[in-house]
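Worksheet: the structure to be examined is printed underneath.
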Amino acid sequence: MKDSDFSILIDKLLEDVEDKINDLFSSEVDTAKSGNVLSIKFDNGCNMVINSQNSIQELWFAVSNMGGFHYKYDNGRWIDNRNGLNFSELLSKCCSDIIGRKVILDF
């Protein structure tokens, strides 16, 4: 994939994630996007950071108390390069665990 295509893809993903998180959890979360970094802070103190590593065309996702995950774009999905898990599934699980109710996010 060309670097410019990756940048467009990642920008849209970060915007979509921020919009969806704000729509679902507006009273429970603060989000801030700066360049290619999206920070998500839940009222209970849990934090997430989603950012891109353009030079290696990866999406990185870090969650307080869970560590970090690295994703490559493959056939329309962001797949963890260590365990094969889908980004949307892990983000959904993390948000569900943090707020205490089932959430399904799909990007």
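Odds and ends about this structure:
- Relative contact order (percent, whole number), the chain, Cα cutoff 8 Å, 6+ residue spacing: 15 percent
- For the Cα trace of the range 1-89, dividing Rg by the Kirkwood Rh returns an Rg/Rh value of 0.96.
- Distance between modelled label sites at residue 85 and residue 33, nm, 7 Å Cα→Cβ extension: 2.4 nm
- Cα long-axis angle, helix 3-25 against the chain (0 to 90 degrees, to the nearest 10): 10 degrees
- Annotation note: trypsin sites (Lys or Arg not before Pro) in the range 66-107 located in DSSP loop regions with a Cβ neighbour count of at most 10 within 10 Å are 82, 101, 102.
- Order of 50, 98, 79 - criterion: other Cβ atoms within 10 Å of each residue's Cβ, fewest first: 79, 98, 50
- With each label modelled as a point 7 angstrom along the Cα→C-beta vector, the residue 54-residue 97 pair spans 3.2 nm.
- Alpha-carbon centroid distance for the pair the range 36-107 / the range 13-31, whole angstrom: 13 Å
Each value in this text was obtained by applying a stated rule to the coordinates, not by laboratory testing. Quantities reported herein were computed from a predicted structural model and do not represent experimental measurements. As a convention, Cβ positions derive from the backbone with ideal geometry for all residues, glycine included, and neighbour counts pool all protein chains shown.
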